[in-house]
Amino acid sequence: MNEVLKGEFKARSGDRDRDLPNMDDDFDEESTWGRGNTWDDHDHDNIPGEQEPEEIEESTEENPQQVLVECLEKFSSPDYIMEPGIFNQLKRYFQAGGSPEQVIELLSKNYNAFAQMANLMAEWIMSAGANINEVRTMVESSLRDMIIKTFDPKKADTIFSEEGETPGWLTEMIEHPTWRSLVYRLAEEYPDCLMLNFTIKLISDAGYQGEITSITTAAQQMEVFSRMLKTSVIKILTSGEEALLKNIKDLAEMICHAEHTFVYSQVLLHVLMQESRGAHLMKRLCQEIIKQAHSNSQDVTSVAMALNGATAYPRACQALAAMLSRNALNPADITVLYKMYSAADPPPVDLIRSPQFLELLIDALFKPGSKLNPEHKSKYVYLLAYAASVIDIFKRSQRSTLKQDELKATMQAVEKVHSVCMSGKSGTELVIEIPSLYQCLKYPVVGIGVIRWVEAIVMETSYFKLSTEHTPTHIALLDEIVSCHPLLHQKVLDLLIKLFESKQDELEILVQLEMRKMLLDRMVHLLTKGCVVPVLKYIKQCWDKGDTDVSLIRYFVMEVLDLISPPYSLEFVQFFLPLVEHEEITGSLQRHDGEQDRVSEFIVHCKANYTSL
């Protein structure tokens, strides 16, 4: 590492009669590996590592014999003439009475010129006709692999002790994406290396903290972590829904790296939740972080309960903490919460709006096979309905508003759908229940429960084999959820994708195609209700991957063309036009002899109105 990184294909001194191959004419100044410097290039007023007069005076007090031994040992190492500290060592050597002939002989004898040979080889490759960018990538990739293979964290840590200050080559390195990515990878493998941790801080100081949000070692430095947290939160506040999901996941993984980063981040986010702007995103971010911690098998219940104010209600806090820590409900704790929330002065509803607790309630009430004691069922229903429908507002620790107007109706809807879901009726038997189910599906909490129930039913391997309907009743319920609740579109799409990609080996090939066409109809319905880009992006991804029958892609394209009309958004055109104008998908559908068809009309309209395509 010491020789490779410091050299970085840069000649400090050596062949004074002949300059090294000049790469400056071919390589832009942003690449560090292509530069070459000779002794004469250095301004001796700014020699790296040169000591101040006071420091030189102190160095003369060293044991001359010991200095000579140390310097000669260093001069005997391969290519030491390229080390940034060469000038400092030469001063020490000559001040201790060293022989010029001996140092010249050692330096020249051990001069292997690896970096200069690499420069020369690169110049030959370019002379043979290779592209400069290809050569640069080739050299940087080889050097990167070599560093990864031979990196020694102990030797890397000695760089600072030898030079006594931040090496200039290190500052140059972090200006280039290739070497920053190398530092990130090494930092993951060697989290205790001081040199790498210091380099991470330099990268953050240089303004590249947005690149290192996924670097867990950066969480060890609170200053760097704070910058990364700030950058990530700003990105989340300004990003769209699709980017929001990815950014939140990346940030949650980084925050859950250690206990101190989790507590620190949660406290800051809870403070930001008190602000009017972006408070809902901060709350969601807190919940996503807790969810990520649970997926990492980290029990953060006590911290979460302390921050959301549950400790002010000891009995409720104890009951909730017991269930959340075990990730399982129990009748005793449910009874405690039921009694508290059915009292005249209930605790804040936010306490039971924990996503984890709501998931447990929904599974208990809607997931087939759930073992729920009939004596306690009403309590589960009450708590879920209360969390979903009640509005209470606290000001200065005092309740100012408590609205329970929709509580009773929500309870009745949950109760009704729960009884249908647990009845075990087949698809045809459910037809008679459709009117009441549609009425209950107006409540979002019921919609979430039905999605959970439908997923458990339709993912059974024999479901479509036993189904005799073109559109099974369970699937039809998803259309109503899509029509009523835009916020549940992504959940429905995820389920449709899971079904579309599922193996249905028990079905004949033609039956499989018909089943997938039915699912595509559901996706088209999603598209008509506003879930446009996610659906188009998935279909385009299916085409790009090449694992979907072209007839299915063609079917989807024609169904969409039947429903749409100008004007179109640029984003819609960018995803849909490549599918429409692809010869393999729509080539056989286009008419000729001047007769326009839907395919040709769409292509002509897009080409005429979107000149940037």
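Per residue, the convex hull around the alpha carbon atoms of segment 107-166 comes to 130 Å³. Of the GluC sites (Glu not before Pro) in segment 451-545, the ones in a loop by DSSP (not H, G, I, E or B) with at most 10 other beta carbons within 10 Å are GLU508. Among LYS149/LYS235; LYS503/LYS540; LYS249/LYS379; LYS230/LYS408, which pairs are too far apart, with a Cα-Cα distance over 32 Å? Beyond 32 Å between Cα atoms: LYS149/LYS235; LYS249/LYS379; LYS230/LYS408.
Report the calculated FRET efficiency for VAL550 and VAL431 (r = Cβ-Cβ distance, R0 = 45 Å), to the nearest 0.05. Kindly include the intermediate steps, with their values, before the conclusion.
Values: r = 35 Å, r/R0 = 0.78.
FRET efficiency, VAL550 to VAL431: 0.80.
Remark: C-alpha extents of segment 363-481 on the principal axes read 59, 29, 22 Å, sorted largest to smallest.
Each of GLN356 and LYS339 was given a label point 7 Å from its Cα along the Cα-to-Cβ line. The distance between the two points is 2.5 nm. Summing charges over neighbours of THR335, with a neighbour being any other residue whose Cβ is under 14 Å away from its Cβ, gives +2 when K and R count +1 and D and E count -1.
Rolling a 1.4 angstrom probe over the protein heavy atoms with all chains in place gives segment 470-551 an accessible area of 46 Å² per residue.
Using the beta-carbon distance between GLU508 and LEU372 and R0 = 22 Å, what value does 1/(1 + (r/R0)^6) give for FRET efficiency, to the nearest 0.05? Let's see the in-between values first.
Values: r = 39 Å, r/R0 = 1.78.
So the FRET efficiency works out to roughly 0.05.
Loop-resident trypsin sites (Lys or Arg not before Pro) (DSSP state other than H, G, I, E or B) in segment 337-393 with no more than 16 further Cβ atoms inside 10 Å of their Cβ: ARG353, LYS371. With the convex hull drawn around the C-alpha atoms of segment 455-527, the volume per residue stands at 80 Å³.
Between VAL69 and LEU407, the contour length at 0.36 nm per residue exceeds the Cα-Cα span by 113.0 nm.
The alpha carbon centroids of segment 86-102 and segment 307-377 are separated by 77 Å.
Extension gain for SER76-ALA113 works out to 11.9 nm (0.36 nm per residue, less the C-alpha to C-alpha distance).
Over all Cα atoms in segment 303-379, the spread is summed up by Rg and Dmax: 12.3, 36 Å. In a solvent-free Debye calculation with one equal scatterer on each Cα, what is log10 I(q)/I(0) for segment 61-163 at q = 0.20 Å⁻¹, listed in the order of the q values? Summing over Cα pairs of segment 61-163 leads to -1.06. Taking the convex hull of the alpha carbon positions in segment 519-603 and averaging its projected area over all directions gives 5.4 nm².
Restricted to Cα atoms, segment 427-553 shows a radius of gyration and a Dmax of 14.5, 42 angstrom. Taking the three principal axes of the alpha carbon atoms in segment 225-272, the coordinate ranges are 29, 20, 17 Å, sorted in descending order.
Amide H contacts of PHE394: SER400, each under 5 Å away and 5 or more positions distant or on a separate chain (H built 1.01 Å from N in the peptide plane; Pro and chain starts excluded).
The gain in end-to-end length when the GLU469 to MET138 segment is fully stretched comes to 113.3 nm, 0.36 nm per residue minus the alpha carbon separation. The value obtained for segment 209-358, namely the Cα convex hull volume divided by the number of residues, is 115 Å³ per residue.
Note on HIS260 and LYS498: the model spin-label points, each 7 Å out from Cα along the C-beta direction, lie 4.0 nm apart. Projected label points at GLN439 and ASP363, each 7 Å from Cα along the beta carbon direction, are separated by 3.2 nanometres. Solvent-accessible surface of segment 228-345, taken per residue with a 1.4 Å probe and all protein chains present: 53 Å².
The values are calculated or read from the model by the stated rules, or taken from the named source; none is laboratory data. Just so it is clear, the model here is predicted, and its values are computed rather than measured. Neighbour counts are summed over all protein chains in view; Cβ atoms, including those assigned to glycine, are modelled from backbone coordinates with ideal geometry. Please note that ligands, DNA and RNA were not included when accessible areas were found on the heavy atoms of the full protein model with its side chains. Shrake-Rupley method; radii C 1.70, N 1.55, O 1.52, S 1.80 Å.
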